Amino acid sequence: MATALLTVIAGLAGLVIGRFWDSRSESARWRRDLRVRSYEDVAKEFYHHRALIQRCSALSVDSSEKEEAVRVLSDHHAVWNQQLTALWIHGSEPAAATAYSLDHEMSALRRIAIREQIPFSSWHLRREPVQQAFDDFLDAVRADLSLPALQVLRRNAPDRIS
């Protein structure tokens, strides 16, 4: 009888411990998935927002096309901020810090693009600080996800043209 009782207790304890472990593992996977999604969303919006900045920068300062490009850029800035906010909620401290720096560089480039016309031939030079900040962001994200750094980003930085 004592053996049967111990068997039942051990079985119940196993079920409780197993369910607790599953729930913790599921929660950790869910949090990691949110982190990954926030990182991916910032990366996608980075390229979209940078393209809008480039379009704006290519236009003559006093043109109606520039006014429209600035309006579109300003509207999209809210989307960029939403993605950053999601990252700051779900991301790691290093990824959030590099995203903050990236946002600072994007804001500086956006202000220049609104105030000036940047010829296509010098765009790649003007956007390089933003691109370096994005590379830093990718490095932080990959480290957070336990992935090796991508040396190709740094090695090819001087060759970026578009």
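Scanning the stretch 87-104 for residues that are in a helix (DSSP H, G or I), over 15 Å from His49 (Cβ atoms) and touching a residue at least 40 places away in the same chain (Cβ under 8 Å) turns up Ile89, His90, Pro94, Ala95, Ala97, Thr98.
Please go through the stretch 49-62 and pick out each residue that is open to solvent by 20 Å² or more (accessible area, probe 1.4 Å) and either over 15 Å from Phe137 (Cβ atoms) or free of Cβ contacts under 8 Å to residues at least 12 places away in the same chain (or both). Within the stretch 49-62, Ala51, Gln54, Arg55, Ala58, Leu59, Ser60, Val61, Asp62 meet the criteria. Each residue in the stretch 100-117 was checked for being open to solvent by less than 70 Å² (accessible area, probe 1.4 Å) and of a type outside the set (Val, Ile, Thr), and 11 pass.
Of the residues in the stretch 78-85, at least one is closer than 30 Å to Leu34 by Cα, surrounded by fewer than 18 Cβ atoms within 10 Å (Cβ to Cβ), of a type outside the set (Phe, Trp, Tyr) and touching a His at 6+ places or on another chain (Cβ under 9 Å).
Out of Arg35, Arg71, Arg55, I need the residue that is within 16 Å of the chain's Cα centre (by Cα) and in a helix (DSSP H, G or I). Which one?
Exactly one residue qualifies, and that residue is Arg35.
As a summary of the residue check, Arg35 satisfies the conditions (1) basic (Lys, Arg); (2) under 19 Å from Leu145 (Cα atoms); (3) at pLDDT 90 or above; (4) open to solvent by 70 Å² or more (accessible area, probe 1.4 Å) except for the one numbered (4).
The values are calculated or read from the model by the stated rules, or taken from the named source; none is laboratory data. Predicted model, so just to flag it, every value in this text is computed and none were measured. We place every Cβ from the backbone using ideal geometry, glycine too, and count neighbours over all the protein chains shown. Calculation scope for accessible area: heavy atoms of the full protein, side chains included, ligands and nucleic acids excluded. Shrake-Rupley method; radii C 1.70, N 1.55, O 1.52, S 1.80 Å.
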